[in-house]
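Remarks on the structure that follows.
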Amino acid sequence: MRQIVLDTETTGLDPESGHRIIEIGCVEIESRRTTERRYHQYINPKRAIDPGAIEVHGLTTEFLSAKPIFSEVLEEFLAYATGAELIIHNAPFDIGFLNAELKHCASEVESISDLCKVTDTLTMARNLHPGQRNSLDALCRRYEVDNTHRDLHGALLDAELLADVYLAMTGGQVDLQLAAESSAKPRSDISTGEAARSLVGIPVVQPTIDELAAHQANLERIDAISGNRCVWLSEVGTGNSS
C-alpha cells in the first residue's frame, strides 16, 4: 500500500472549539523510500490564530490571508491521499482536525479514515520505548535524524522528519540489505545468527571460563530444586543444544 506521512498546523488545539487547519504537509513513501511526490498547502482559516500556536509554527493571520480556504483545496488533497496509509504522529489530533474540516465543507466523506488506513507513530513509539519521551524531537535524537534546522514547527518539515523516523523505527534499509545479501550469498560456514550479526556489525562476546562455570552451577541448582527437570541441562548433557 502506498504510504503518506502527514502533518498539520492549526490555529489552536481543539477543533470542537472552532479551531482550523492552516497548513498540511505530506511526504509519499513507496517501497520504503521517500519520493518527490509531495503535497503542501497553506490554508486561510478565516479566524484568529491563538498566540500560543503562533509561537509554535510562526504562521500569522496576515501571512495566510491570501491563501485558499480549505474547501478550495479539499478535492486536490483527497485525490492525493485517498487509498493510502496515512502515517501520523499523534494521529487522533490531525484526524480530528481533518474530519472537522470535512464537516465544515459539508463533504460526503465523514471521516478521512473511510478513505485511508491510519497508523499512529506515537502509539508505535510508546510500544517500542515505554516510559521514554516519544515526541518527534526525542525520536529524531533517538534515531539520529538531523532536526537541527527545526526552529519552528512546519507541516511539511515535520512530515519529512517523521518519514525518516518512521523508516528508521520500522527497520530502515538494514532489513532489506540483510535479506538481499542473505539470499544472494548463502553462508554455510557459519550459523544464521552469526551471519546476521556479521552483516550488521554486532560484536560477539564469548563467556569466560569462570562465567561458564557459574552458569553450569546455576543450571545444576535449578535441576536439583526441580527434581531433575531442567530440560536445558539435559539437552546440553546429550549434545542437543541449539
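The values are calculated or read from the model by the stated rules, or taken from the named source; none is laboratory data. This structure is a prediction, so every number in the text was calculated from the model and none was measured. With ideal geometry, Cβ positions are generated from the backbone for all residues, glycine too; neighbour counts draw on all protein chains shown.
Just need a number here: residues in region 31-61 that are part of a helix (DSSP H, G or I) and of a type in the set (Ser, Thr, Tyr).
Just the residues of region 31-61 that are part of a helix (DSSP H, G or I), to begin with: 51-57, 61.
Then drop every residue that is not of a type in the set (Ser, Thr, Tyr), which leaves 61.
Qualifying residue count for the region: 1.
Condition first: farther than 18 Å from Val5 by Cα, of a type outside the set (Lys, Arg) and in contact with a strand residue (DSSP E or B) (Cβ under 6 Å, 6 or more places away or on another chain). Can you find one or more residues in region 101-112 that meet it?
Kept after step one, since they are farther than 18 Å from Val5 by Cα, are these residues of region 101-112: 101-110.
From what is left, the residues that are of a type outside the set (Lys, Arg) are 101-102, 104-110.
From what is left, the residues that are in contact with a strand residue (DSSP E or B) (Cβ under 6 Å, 6 or more places away or on another chain) are 101.
Yes, region 101-112 contains a residue that is farther than 18 Å from Val5 by Cα, of a type outside the set (Lys, Arg) and in contact with a strand residue (DSSP E or B) (Cβ under 6 Å, 6 or more places away or on another chain).
Within region 63-94, track down each residue that is out of contact with any strand residue (DSSP E or B) (no Cβ under 7 Å at 6 or more places or on another chain) and among the hydrophobic types (A, V, I, L, M, F, W, C).
Phe63, Ala66, Ile69, Leu74, Leu78, Ala79, Phe93
Just one of Ala168, Ala106 is of a type outside the set (D, E, K, R), surrounded by 17 or more Cβ atoms within 10 Å (Cβ to Cβ) and at pLDDT 95 or above; which is it? Working first, answer last.
Values: Ala106 fails: surrounded by 17 or more Cβ atoms within 10 Å (Cβ to Cβ).
Only one candidate passes the filter, namely Ala168.
Given the condition surrounded by 14 or more Cβ atoms within 10 Å (Cβ to Cβ) and over 15 Å from Phe97 (Cβ atoms), answer yes or no: does some residue in region 11-23 qualify?
The answer is no, given that none of the residues of region 11-23 is surrounded by 14 or more Cβ atoms within 10 Å (Cβ to Cβ) and over 15 Å from Phe97 (Cβ atoms).
From the residues in region 39-88 that are small (Gly, Ala, Ser) and within 22 Å of the chain's Cα centre (by Cα), which one is nearest to Gln3 (Cα to Cα)?
Checking each candidate, the answer is Ala84.
Just the residues that are buried (at least 20 other Cβ atoms within 10 Å of the Cβ), of a type in the set (Val, Ile, Thr) and within 21 Å of Ala81 (Cα to Cα), please, taken from region 30-52.
Of everything in region 30-52, just one residue is buried (at least 20 other Cβ atoms within 10 Å of the Cβ), of a type in the set (Val, Ile, Thr) and within 21 Å of Ala81 (Cα to Cα), namely Ile43.
Evaluate the following for Glu16: is it out of contact with any Gly (no Cβ under 9 Å at 6 or more places or on another chain) and either in a strand (DSSP E or B) or more than 19 Å from Ile88 (Cα to Cα) (or both)? Lay out the reasoning, then the answer.
Values: out of contact with any Gly (no Cβ under 9 Å at 6 or more places or on another chain): no; either in a strand (DSSP E or B) or more than 19 Å from Ile88 (Cα to Cα) (or both): yes.
It is false that Glu16 is out of contact with any Gly (no Cβ under 9 Å at 6 or more places or on another chain) and either in a strand (DSSP E or B) or more than 19 Å from Ile88 (Cα to Cα) (or both).
Tally time: how many residues in region 209-242 are among the polar types (S, T, N, Q) and modelled with pLDDT of 60 or more?
Keep residues of region 209-242 that are among the polar types (S, T, N, Q), which gives 216, 218, 226, 228, 234, 238, 240-242.
Now restrict to residues that are modelled with pLDDT of 60 or more: 216, 218, 226, 228.
The qualifying residues number 4.
Please enumerate the residues belonging to region 1-13 that are assigned to a strand (DSSP E or B) and among the charged types (D, E, K, R).
Passing the criteria: Asp7, Glu9.
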